[in-house]
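The structure appears right after this line, and notes come after that.
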Amino acid sequence: QEQLVESGGGLVQAGGSLRLSCAASGRRFSSYHMGWFRQAPGKEREFVAAITWTGGTLYYADSVKGRFTISRDNAKNTVYLQMNSLKPEDTAVYYCAADEGSIMLATTIHAYAYWGQGTQVTVSS
């Protein structure tokens, strides 16, 4: 159905910045709420940020508020995650996901129907 491909991950020093991109190939991207999740080694996948299909409502995990910004460009079928002031604890594989059924923004993985392959973010101290 919907194909999602993340890019932009890499190695960065603490305090640095990265911008992740997620490109969608489906024709209904503008109808989906979009979310970013991350999974560190040995830990459960956790919610990072979400954005409504219009881009009018944003929601962030407490751990990234004030540092990360989610945005989308529906004309380009792309969602972004700007990550500033990165910390070693931000190290994880980051995934984007599409929610085609929820009315409200969701923070659980079960609400999202489509997932990208993930992109590795490593923050050195």
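The values are calculated or read from the model by the stated rules, or taken from the named source; none is laboratory data. The shown structure was predicted, so the numbers you read here are calculated from the model rather than taken from an experiment. In this analysis, Cβ positions are derived from the backbone assuming ideal geometry, glycine residues included, and neighbour counts consider all displayed protein chains. These area figures cover heavy atoms from the full protein model, side chains too; ligands, DNA and RNA do not enter into them. Shrake-Rupley method; radii C 1.70, N 1.55, O 1.52, S 1.80 Å.
What the table below lists for this structure:
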read-out	value
Local net charge near Ala113, Cβ-Cβ under 10 Å (Lys/Arg +1, Asp/Glu -1)	-3
Eligible lysines near Lys43 by straight Cα distance, threshold 29 Å, same-chain separation 8 or greater	Lys65, Lys87
Solvent accessible area, Å² - Arg67, 1.4 Å probe, full protein context	30 Å²
Separation of alpha-carbon centers, the range 75-98 and the range 19-46, rounded to whole Å	8 Å
Rounded percent of accessible protein surface that carbon and sulfur make up, the chain, 1.4 Å probe	48 percent
Gaussian network model of the chain, Cα within-10 Å springs - most flexible of Glu89, Glu46, Glu100	Glu89
Dipole magnitude of the chain about its Cα centre (Cβ charges: Lys, Arg +1; Asp, Glu -1), debye to nearest 20	220 debye
Convex hull volume of the range 78-125 per residue (C-alpha atoms, cubic angstrom)	102 Å³
Average accessible surface area per residue within the chain, 1.4 Å rolling probe, Å²	52 Å²
